[in-house]
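Remarks on the structure that follows.
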Amino acid sequence: MIILKNALILDGEKTHISDISFNEKIIQIGNNIKPEKGVEVIDLHGKLLIPGSIDAHVHFNDPGFTDREDFTSGTTAAACGGITTIIDMPCTSIPAVTNHENLNKKLVAVEPKAVIDFALWGGIRKNDLPLDYEMIHELWDAGVVGFKIYTISGMKTFAALSYRDIENVFKQFPEIIFAFHAEDENIIRNSIHELTDEQMKLPENYVKTRPVKAEVEAVKKIISSLGKKNKVHFVHISSKEAAELILESKKQFEVTFESCPHYLQFTSKDLPILKGKLKTAPPVKYDEDRDFLRNCLKTGALDFITTDHAGCDYEKNKRFEDFSKIYNGIPGIELMIPYLFSEFYLKEKVALKRMIELTSENAAKRYGLFPEKGSLQIGTDADFTIINLNKPYLVDESQIHSKGKYSPFNNTEFSCSIDKTIIRGKIVFDIGKGILQKPGYGKFIRRI
């Protein structure tokens, strides 16, 4: 057993100093917990303790594309960033997680490498149509949190669905959660054709190739196909207009959406400066989009934050003069929590309750992981993210633990830093000691 003394925690709407005792599960939260003989006691001296943070959208590329990232490097970066649970996407691994057999192959490959706990997405792709009802339900019953679908895809191993395909999927599987990468393929293709080859090479034109209207059209078409029982989540929303459509649809349907730190901080004006360090799909948009999403974060309209972590070898995949050849993806998992608590909790004074919803509670509830994950309830997993609100953190991209050593936040100073990451009662990361658990400590967490 361990007792954490003098932790700053949320109690209702207010923070106060408290002690927490735990083994693998939380045992007691209260004032002046008396340690029994032999119990380890750690004094946090008022550092902030929140439920273990969750990144519900990552691409760790394992197995199959481990030159970009693998489960050891990805989960190590996560632990250093205060993340206790990740949910890995089904598409950027070989084989794709589209059936129970492939899920088992994935688990054999990644379980021995995981430093932190993880859940997994299943996927539905054009390659598997017509869908086998039993195949989908077998994967759903195996505990994946939902199924990822693309409306545009550059992956031959994970082809996009048409809107008619999506409508049929909704009718077949009303009980399953579907997550959408929502950008309209025809609008993107037409937008590309409107630019010359020379224009395509320029970073400032990237947003024109995947414009706001592409995201809006895809979101609109998906929502128009929804039935009353369908459950939909939109990933990495980047525009004001698409977010407004989703918020309006919440009045009728069970719809949620996420955004990412880069959409909250940067715009297309930053692309000529940051170049490949900021190239993602969808791209960052305009001031009004960034400002609207930031407001959604503050007001409660935005459901939660993820990173869409998708790093790569910068020299191999990012260092091109021709922007159109640059890989779409950035590593973000190590910086999400320091960024959010620096920018929004400390600077913008967003309430701690709201910050916890954004970083753990809402994702855990949406994906059937709550209350074991995303809470501080007695008897649940002792997963804690401990933040030093008084110790700044200067981002040095060469020191991040992902294989991809680059970040749009390079040389940015955050006002806080991660002190410890605790998962199921074990300290996995400590700011003074580094990573303290070996690969294989992390567990596969099934949807409840």
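Rule-based calculations on the coordinates, nothing more; no lab input. These numbers come from a predicted model, not from an experiment. Cβ: placed from backbone, ideal geometry, glycine included. Neighbour counts: every protein chain shown.
Remark on Val115: its backbone amide H falls under 5 Å from those of Thr75, Thr76, Gly440, Gly442, a criterion applied only to residues 5 or more positions apart or on other chains, H modelled at 1.01 Å from N.
For the modelled label position 7 Å from the Cα of Glu13 along Cα-to-Cβ, which residues of the stretch 274-314 have backbone nitrogen atoms closer than 15 Å? None, by backbone N distance to the label point.
Whole-percent P(r), the stretch 163-245, all Cα pairs, 10 Å bins from 0: 17, 42, 27, 11, 3. Relative to a virtual label point 7 Å from the Cα of Leu129 in the Cα→beta-carbon direction, which members of the stretch 159-177 show backbone nitrogen distances below 14 Å? Only 159-172 fall inside the zone, counting backbone N under 14 Å. Cross-link pairs exceeding 24 Å between alpha carbons, from the set Lys148/Lys171; Lys148/Lys228; Lys148/Lys279; Lys105/Lys316; Lys148/Lys201; Lys229/Lys250: Lys105/Lys316; Lys148/Lys201. For the pair the stretch 316-361 / the stretch 170-198, the C-alpha centres are spaced 23 Å from each other. With the convex hull drawn over the C-alpha atoms of the chain, the volume per residue is 129 Å³. The lysines whose alpha-carbon is closer than 21 Å to the alpha-carbon of Lys433, local same-chain residues fewer than 8 away aside, are Lys5, Lys47, Lys113, Lys391, Lys403, Lys420. Listed peptides 352-358, 400-406 appear in the order 400-406, 352-358 once ranked by packing, highest mean of other Cβ atoms within 10 Å at the front.
If only the Cβ of Lys and Arg carry +1 and only the Cβ of Asp and Glu carry -1, the dipole of the chain around its Cα centre is close to 340 debye. Candidate cross-link partners of Lys34 among the aspartates and glutamates, defined by an alpha-carbon separation under 17 Å and a same-chain spacing of 8 or more, comprise Asp19, Asp43.
The C-alpha atoms of the chain define a longest principal axis, and helix 287-299 lies at about 40 degrees to it. Estimated purely from DSSP H runs of n ≥ 4, each contributing -39500 (n - 2.57), the mean residue ellipticity at 222 nm for the chain is -7000 deg cm²/dmol once divided by its residues. Quick one: helix 71-80 against the long Cα principal axis of the chain, what's the angle to the nearest 10°, folded into 0 to 90? That helix lies at roughly 50 degrees to the long axis. Overall size of the stretch 48-127 from C-alpha positions, given as principal axis extents largest first: 47, 23, 18 Å.
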